[in-house]
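Okay, so here's the structure we're looking at.
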Amino acid sequence: MYELSKRQKENKAKASGSSKIKEVKFRVRIDEHDYMTKLRRAEHFLFKGSKLKLSLMFRGREMEHTELGFKIVNRAAKDLEHVGQPDGTPKQSGRHINMVMSPLPANKRKLLLTKEGEIYDDDDDEDDDDHNEQQS
C-alpha cells in the first residue's frame, strides 16, 4: 500500500512538470563575457524545463541609473526568447529588479548559445571526488 501511494506521488510530480525556479543574478556593470556566461547558464535551465528568475542588484550610486538595470534585464529576456517567455515585465523592489521566465513547450525550445558538448548537469556544484582516498 505504501509503495503504491509513493509511486502515485512520483507520477503526479512528473506529470505536473518541474516547478523548480533557478536564479541567474546580474549586476549593472557586467562585462560582456560574464553576461554571455550567465546567459548560457540561463538558457540551459530553461531548456531543461525549469522556471528562471532573472535578478539584478544595484549597489551604492548605481541606484541613480535604474534604467541601465532594466535595459540589462530586458536584453537578457530578449536573448532568451528562443527557450522561454517572460511571465511579466521586470519589476523593481528596493535595490533589486526581478523577472520570472517560463520555458517554452519542449518542441519549441532551441539551444543557440550553448554547444551540445557544454550541457551542464544540475549537480555541477557537488564534489564527485572520493574523499576516502585522501584520508588514508
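Every number here is computed from the coordinates shown, using simple stated rules; none is lab data. Everything quoted here is computed from the prediction, not taken from an experiment. Heads up, the Cβs are rebuilt from the backbone with ideal geometry, glycines too, and the neighbour counts pull from every protein chain shown.
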Taking H placed 1.01 Å from N in the peptide plane, check which residues at least 5 places from Gln85 or on another chain put their amide H under 5 Å from its amide H. Ser102, Leu104
Listed by chain and number, the residues whose amide H is under 5 Å from that of Val28, excluding neighbours fewer than 5 places away on the same chain and using placed H, are Met57
Using the Karplus curve 6.51 cos²θ - 1.76 cosθ + 1.60 with θ = phi - 60°, what ³J(HN,Hα) values do you get for each residue of the range 56-67, in whole Hz, with x for Gly and Pro? 10, 10, 9, 10, x, 6, 4, 4, 6, 10, 5, 5
Once both labels are modelled 7 Å past Cα along the beta-carbon direction, what's the Arg109-Asp79 spacing in nm? 1.9 nm
With the 8 Å Cα cutoff and a minimum separation of six or more residues, the range 18-111 has a relative contact order in percent of 32 percent
Residue exposure sequence - Val73, Val83 - by fewest surrounding Cβ within 10 Å: Val73, Val83
Burial ordering of Thr66, Thr89, fewest other beta-carbon atoms within 10 Å first: Thr89, Thr66
Pop out the ³J(HN,Hα) list for the range 75-84 in order, Karplus 6.51 cos²θ - 1.76 cosθ + 1.60 with θ = phi - 60°, rounded to Hz; leave Gly and Pro as x. 5, 5, 4, 5, 5, 9, 5, 7, 10, x
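With respect to the cross-link table entries Lys38/Lys108; Lys9/Lys53; Lys20/Lys108, which display a Cα-Cα separation exceeding 24 Å?
Too far apart for the 24 Å limit: Lys9/Lys53.
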What is the order of His96, His44, fewest Cβ neighbours within 10 Å to most? His96, His44
Label-zone membership for the range 88-112, site Met36, 7 angstrom Cα→C-beta point, backbone N under 18 Å: 111-112
Residues whose modelled amide H sits under 5 Å from the amide H of Lys22, counting only those 5 or more places away in sequence or on another chain, are Lys51, Leu52, Lys53
